[in-house]
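Heads up: the structure comes next, in structure tokens.
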Amino acid sequence: MTDTVNRPGTREDQPSRSGSGISQPVVLPALVAAGACLLSGLLTCSVVAVIGWLAATFGGASSAMRAGAAIWLTAHKTGVTISGGSLTLAPLGLTLLLSYFLYRAGRFATRLSGAREPRELLTLTGVLAVGYGVGALIVAVLASNGSVKISPFSALLGAISLAVVAGTLGVMAESGALMATAKATPHWVRQMIAGALAAVAAVLAAAAVLFAVMLVLHFSRATTMLEALDSGVVGSVVLFGICLVLLPNAIVYAASFIAGPGFSLGVGTTVAPTGVDVGSLPALPLLAAVPADGATPTYLLVLTGLVPLLAGVAAGLVVARRVSGGPDGDLIGWDAYAVRAAFSGPVAGLVLLVLFLLAGGSAGPGRMASFGVVGPFAGAGVVAAGVTIGAAITAAIVGARRAP
């Protein structure tokens, strides 16, 4: 018999990292990544806040830093109470940026620790999320004063939730677990998810185009708003940053407009295909895209029925292509094509429902207390129904043409 000798440096030759031995090599990289991510986000918001303070003629540097921390916390859907009102409207552009930071932090921590075992990955994700959440809690306590009150528990919960989602994706992507999970998922589930994502992308793309067209049509109104603000060069940079982080909110609102229920820009206001009633609006250039009060043009009403169906067509084509290239593509009939594509509709509606809920909130006292999608469940249901019908019919036609 021949003895097998392990070469130095092989996995068998290395000490086991199971049990209590995993804590030191995994916990420290996770905490370092959480701290770096926390500082990156806070520094970004604080720099913008300080630039705004330099352009203003009131307030102090400490107030600017506190404002930057408050905006950073609102991106996690943390409740901030100011001047008798609440600020819960999350700037989704900033939320996306922080999600990217957390995703990179997850990848960095995984690469630094070399974690590969499921227990190691779970520990890494948990420590990253809890460390980031505790950091947000500390920021909430330090940023609160007499006029600004921030809920530490809300900060902890919001930061942990975002870190769990984005950080886990980074950990799984770097470790290879994401690819392994995708391969282990039944092919019909992957087909359904791909179709749903295609439908959501189509709806958001249509919403972005609609928003851009309306902004171009009302360009003179945007120019008037800028002239009224007279913010100067530095102030214009800050204003551009505000518009940039709120742009995803505007696109989600446009998607809710397409879905039918529409959205509100304050208490007692509505912007929907059936009509617009907003009155005077804050001098924010993004709001120049809002149609004038009264009945909306007919072509905008047509979008409510047309866009979800076209998104369904996109979903049906994606599902049909994946089914035909799958292991059972030549064995199933057109009805199976239709059923698999139809399930993309509810999934797409669920994704849009989450976006509708995240995009709303309060932006201050009085009239500013209510911003967001009106009837998010109804809007998501309309999109889900349209995508289901369009996807099922499209996939059925493709499946029937492939039948022998």
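The values are calculated or read from the model by the stated rules, or taken from the named source; none is laboratory data. Small disclaimer: the values here were computed from a predicted structure and weren't measured. Note that each Cβ is placed from the backbone with ideal geometry, even for glycine, and that neighbours are counted across all protein chains shown. For the accessible areas, the whole protein counts, side chains as well, though only heavy atoms, and no ligand, DNA or RNA atoms are used. Shrake-Rupley method; radii C 1.70, N 1.55, O 1.52, S 1.80 Å.
For the stretch 353-385, a residue qualifies if it is assigned to a helix (DSSP H, G or I) and either open to solvent by less than 10 Å² (accessible area, probe 1.4 Å) or farther than 26 Å from V319 by Cβ (or both), and the qualifying residues are F356, L357, L358, G366, R367, M368, A369, G379, A380, V383.
I need the full set of residues from the stretch 145-173 which are open to solvent by 30 Å² or more (accessible area, probe 1.4 Å), over 23 Å from the mean Cα position of the chain (by Cα) and farther than 16 Å from H76 by Cα, in order please. Passing the criteria: N145, G146, S147.
Only one of the numbered conditions (1) assigned to a helix (DSSP H, G or I); (2) surrounded by fewer than 16 Cβ atoms within 10 Å (Cβ to Cβ); (3) touching a residue at least 24 places away in the same chain (Cβ under 8 Å); (4) not acidic (D, E) is not met by L306, and that is (3).
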